[in-house]
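Below is one structure, written out as structure tokens; comments come after it.
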Amino acid sequence: MRRVFSALAVTSCLLTSFSATTWAQSLPGLTLFSGVKSENQLPYRLDFGGQTNSWDRYILRLPAKKMKLAVAQFAITYPNYYKGTFDPKKVEVRVKGKKVPLSEVKWDKEGRVLEIFPEEPVPAGSAVELVLSNVQNPAFGGIYYFNCQVLSPGEVPLLRYLGSWIISIS
């Protein structure tokens, strides 16, 4: 009987640690002392685990409640210590699971900004996913703050802050 209980305990510990590891990169979870208010923290997912110096796919989400106005441009800024690379040809915008046609994607390496221009403005109140495929993660792990700014059609051409993705690479 003792062997059964010890085998059960070891198995449950292994299963718990496996599910926690798998779940860890699906959403940002609880972040303490980030400097970003909780209402400004945006959800994300790293499809291939967020391992250093490896290829990954970032799915950066914008909840419908954050999309108060239509959006003609998305701008993703990142810190100067993030040394990963992006593939502008492998960027998608999805609204309600459907791919939105893009007119242009520009990556300004010196300015540390990825600009995404949909052909048609993304409607207000839509849940949006910005999918960055073929991302080369940095060689060193860390916490990286990716900020989302948007430009609405007809507005004064100033980007408006929507929130931040607090991305962990390990």
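Pairs spanning more than 22 Å between alpha-carbon atoms, out of Lys68/Lys89; Lys37/Lys66; Lys37/Lys99; Lys65/Lys99: Lys68/Lys89; Lys37/Lys99.
Other residues whose C-beta falls under 11 angstrom from the C-beta of Ile167 contribute a net charge of 0, scoring Lys and Arg +1 and Asp and Glu -1. Each peptide in 104-117, 64-77 gets a packing score, the mean of other Cβ atoms within 10 Å over its residues, and the list from highest to lowest is 64-77, 104-117. With K and R counted +1 and D and E -1, the other residues having a Cβ less than 9 Å from that of Asn134 yield a net charge of +1.
Structural size metrics of the range 27-112, computed from C-alpha coordinates, are Rg and Dmax of 14.3, 38 Å. Distance between the pseudo-spin-label points of Asp47 and Thr85 (7 Å out from Cα toward the beta carbon): 1.9 nm. Summing Lys and Arg as +1 and Asp and Glu as -1 over all other residues whose Cβ lies under 15 Å from the Cβ of Lys83 gives a net charge of 0.
We did not get these values from a lab; they are worked out from the coordinates using the rules stated. From a predicted model like this one, the values you see are computed outputs, not experimental measurements. Please note: Cβ atoms are built from the backbone with ideal geometry, for glycine as well, and neighbour counts cover all protein chains shown.
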